[in-house]
Each structure stands twice: as C-alpha cells, then as structure tokens.
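What follows is a short report on a single structure.
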Amino acid sequence: MKPELTVTPRLAPGVRLNDKSQLPRTLLMPERALRLNGPSLEIVQLCDGNHTVQQIAEKLHALYSKAEPKRITDDLLGYLALLHDQRAIDF
Amino acid sequence: MTTTLPTPLALVAELTHRCPLHCVYCSNPLQLAKRESELPSETWIRVFQEAAQAGVLQVDFTGGEPLARPDIVELVHAARVAGLYVSLITSGLPLDEAKLAELVEAGLDHFQLSFQGATDETAREISNSTSHPQKLRVLQWLKKHRVGVTLNFVIHRQNIQELEEMLALVDEHRPGCVEFASVQYYGWALANREALLPTRRQLEFCVAKLKEAEERLKGKTRVVFVVPDYYAKFPKPCVGGWGRKLMLVSPDGAVLPCHAARVIPGIQFENVKEKSLREIWESSPAFQKFRGEEWMQEPCKSCDRRHQDFGGCRCQAFLLAGDAAATDPVCSLAPTRGKVDLILAAVNQPEQAIPEQKPTYLYRPNPL
C-alpha cells in the first residue's frame, strides 16, 4: 500500500536499525534482516514518526539534485509501500 | 575450489531444556540436557559477545522454556548490550505483567508466543499441561508494550480443524507476524508422526485458507506458512544450509549446526566452555562436515537447485535414508522418495479405512 504524502512513517514495533558502529547498517526485524545502503538507509533513518512522506521526498530531492524529482518521489513511494507490506514500517 | 567462509547471522540460544509444557512435537533432542549441566549466566554473556563479534545479528532465546531461567532478564540485557537483536521464543507460561515489563526494559526486541491450538482442550491434549488461558492473558499484556510480536501456531493433523479460530485470534490481536508452522518430523515429532502428519486434504484446506488470510491481512500482519516437507516437491533449505547461517548453543554449551544434529552418529560437537564461538564456527569438524558442496552425492551434486536448498536436511536424510550425506528423501528427485510416499499413502487412505480414535502420544518429559 502506497502512503499519502501527508503521513509520517515510523518503524514498526520490533523493527530497528543496528548500531552506527556496526557495519553494514542493517534493518533488524523479527526473523529477518535487511542490509541498507545509500538512499534506502537515508529513507529508513527518516522513518521516525516526525517526518511526513513529503518532507522525506524533499530531503531526497536535495540529496540527489541531479535526478528528476518526480522519479525520486515515485521510487520513494514504492519503497515505503514495500517496507509497509513487509511490516517494517507503519503509517 | 576456494570458498569464502560464510558469516553466521543467527544464534539460537537454547537456554534450558526445562519446560512446563510437554509438547508431543518438541524440537529438543530425545536426550534432554540436565539442569545441573546448564551454562551459568557469565558463560552465556561471553557467548553473546563472541557471537556479535563473529557477525551474528540476531539471537533467539529458546529452550525448553527460556523463562525458566531465573537470570532471563539479565541475559536479555547482556545480549542487547552486546549488539544483538533479541527474540524470546516462549510458551508465555512462567510470566507475569511485571516480568514482561522488565524484559522489555532490558531490551527485548521481539516476543514470539507459541500456541498449541485455538482451544484449551486441544492445547491440553498436545502439551499435557494447562497453558492456553495464560497465553490469552499474555496477549493482553503485550498490548501495553512497543515490542515485536509473533504468534506461532504449530499445526498438524490434530489441530488444523481449528485454523479459523486461530485466524480469529490473529484478527483480534493483530500481531506483526503470524506463523503457521507445520510440524517437521525429528525427535519427539518423529515418535508421534502417525498422529501428527496431516492428510493431503487438510493441507489443501490450509493452503487455501492461508492464502485468503494473507491477502486480507496484507500490510497488517505478515502471514508465514511452513508446509510439512513430506508433501513438498523439493526439500527445504534446512537452517539456510549447514554451517552457513546459524549456530545453536545447547543448554550444556555444545554448539550444533541445527536443532536435531545430535541424531547423526559420529559427529563430535565442541563446547563453548572450551573454545570460542568463532573458532567453533570456522574450524570445528561438526560445522565443516556438510558445509559447501563437497559432501554431496547425486542427484544433488549436479542439480541446479543445490544452491537453493543445499540438499535439504541432513538429519532427515539420516533418519529416513540411513545416510546423512544422501539427498533429503522428501525431494522428488531423491532415490529414496518412495519411503516418504509410503508414509503419505498410509495417512491418506480413504477416510472410512482410518479408525477414528484418540492417538496415544509419547509426551516429552522434563529433564532431571
């Protein structure tokens, strides 16, 4: 399920990032773990319940200014939908 | 051929074999570890630190009943501080609200509650104990905490008919995940196989119901279904491949590549009391025995699926084919598949041929 731009995603209960000192950065979940790098790590770090999807998109637009903004937003929505279906985030 | 050594990702910490339940399919070995042989807290704490250093991400606290250890809160805390993601796999029995709060406070990430059925009556028959009402209480207490929750229903011939009621519990409590784990046949479950192996018709019912549930619960609860591998066309990638992802430390400190590995004769398991976890992972003969592909026979050796299922389960190969290096007999390509088909044929006789009577179970006892 794709999120609305106004919702504030946050990690689901039982889901957390491993410690900064532990590389590679990994999203830890019941019985599973997801290696994160680049944009996926930046997105997950912003899923803190304080940023709307719109705000996350704007941060990514600034970070990846050479890419087309609409494309970034579409990819973001797709990735958040995937994390939601995997029960990694709530929104 | 050079192969890089895999990194262990998961540690199964079998803290004790003591348990208030006596489930007829318990995954513990037939020879249970005695209480007096259990590792002390400080050894477990060292094991968690060594595991994290070796690259392990997650630890599953199990047993027996892990809550039977009086130091459980201290162990959860130590594992979390060591950098591990901590799951508790429990019957929920020796628990009260205060203890749950302490566990969460200590850093517990994930609480997996096992169910023997959807009704008290079935749960009693399977576990030879009273536990179902307590599990329902635990579900209520869990709502007060922000912790991962998985409901684990172990399913088999005697409780598949309660699937709808099990799903109703899921609807009511909305855990992050629900597992419908079919019994697999080792140890205690093998001894009780005749009573537990479902019919093909039951399995088809289950597949249809759970497919529907998965659709309905998408985005709410993740539904995991583990099929009974006797009915599968290809074997399961048991423990993600021998010595490839997982290490299990038993209550007395012996380190095993899987729950059932002790059934394979001639393997010496090293102990955390004598060696570090990393040393055991990297160089113990037990972990090397079926690591990689060198040990494989045909048809595995030249099979395209060998990187997917790693030849299936070594323990099952020994138990059913009499050779731990054989292709898992549940594989449709295995020369010994006929043995599995015979077992299935006996279960799937026309229904009027099966006399309906209460099975006689071999219950798992408590260790001394």
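Brief remarks follow.
- Top-ranked residue in the stretch B:167-190 [being over 22 Å from B:Ala232 (Cβ atoms) and in a helix (DSSP H, G or I); ranked as farthest from the other protein chains (Cβ to nearest Cβ)]: B:Ala168
- Test result for B:Cys258, in a loop (DSSP other than H, G, I, E, B), of a type outside the set (Val, Ile, Thr) and crowded, with 18+ Cβ neighbours inside 10 Å: yes
Rundown of residues vs (1) within 14 Å of another protein chain (Cβ to nearest Cβ); (2) out of contact with any helix residue (DSSP H, G or I) (no Cβ under 6 Å at 6 or more places or on another chain); (3) surrounded by fewer than 12 Cβ atoms within 10 Å (Cβ to Cβ), yes/no style:
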residue	(1), (2), (3)
A:Leu17	yes, yes, no
A:Lys59	no, yes, no
A:Ser65	no, yes, yes
A:Gly78	no, yes, yes
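- From the list A:Leu76, A:Leu80, A:Leu60, A:Leu41, the one residue that fits, being touching a residue at least 12 places away in the same chain (Cβ under 8 Å), touching a Pro at 6+ places or on another chain (Cβ under 6 Å) and not in a loop (DSSP other than H, G, I, E, B), is A:Leu80.
- Top-ranked residue of the stretch B:200-219 - restricted to ones that are within 14 Å of another protein chain (Cβ to nearest Cβ) and modelled with pLDDT of 95 or more, ranked as surrounded by the most Cβ atoms within 10 Å (Cβ to Cβ): B:Leu217
- On the stretch given as the stretch B:130-165, residues that are in contact (Cβ under 8 Å) with a residue 12 or more places away in the chain, closer than 30 Å to B:Thr360 by Cβ and assigned to a loop (DSSP other than H, G, I, E, B) total 5.
- For the stretch B:289-310, residues that are among the hydroxyl-bearing types (Ser, Thr, Tyr) and touching a residue at least 12 places away in the same chain (Cβ under 8 Å) total 0.
- Residues in the stretch A:26-49 that are buried (at least 17 other Cβ atoms within 10 Å of the Cβ) and either aromatic (Phe, Trp, Tyr) or away from chain B (no Cβ under 11 Å) (or both): A:Leu36, A:Ile43, A:Val44, A:Leu46, A:Cys47.
- Criterion violated by B:Phe287 - all others in (1) under 18 Å from B:Leu248 (Cα atoms); (2) out of contact with any Pro (no Cβ under 8 Å at 6 or more places or on another chain); (3) not in a loop (DSSP other than H, G, I, E, B) satisfied: (2)
- Filtered residues of the stretch B:168-185 (kept if under 17 Å from B:His110 (Cβ atoms) and among the acidic types (Asp, Glu)): B:Glu179
- Looking only at residues in the stretch A:1-15 that are surrounded by 16 or more Cβ atoms within 10 Å (Cβ to Cβ) and in a loop (DSSP other than H, G, I, E, B), the one that is nearest to the chain's Cα centre (by Cα) is A:Pro9.
- Enumeration of residues in the stretch B:37-50 that are of a type outside the set (Phe, Trp, Tyr) and either at pLDDT below 95 or closer than 10 Å to B:Pro251 by Cα (or both): B:Ser37, B:Glu38, B:Leu39, B:Pro40
The values are calculated or read from the model by the stated rules, or taken from the named source; none is laboratory data. Computed from a predicted structure; not experimentally measured. Note that each Cβ is placed from the backbone with ideal geometry, even for glycine, and that neighbours are counted across all protein chains shown.
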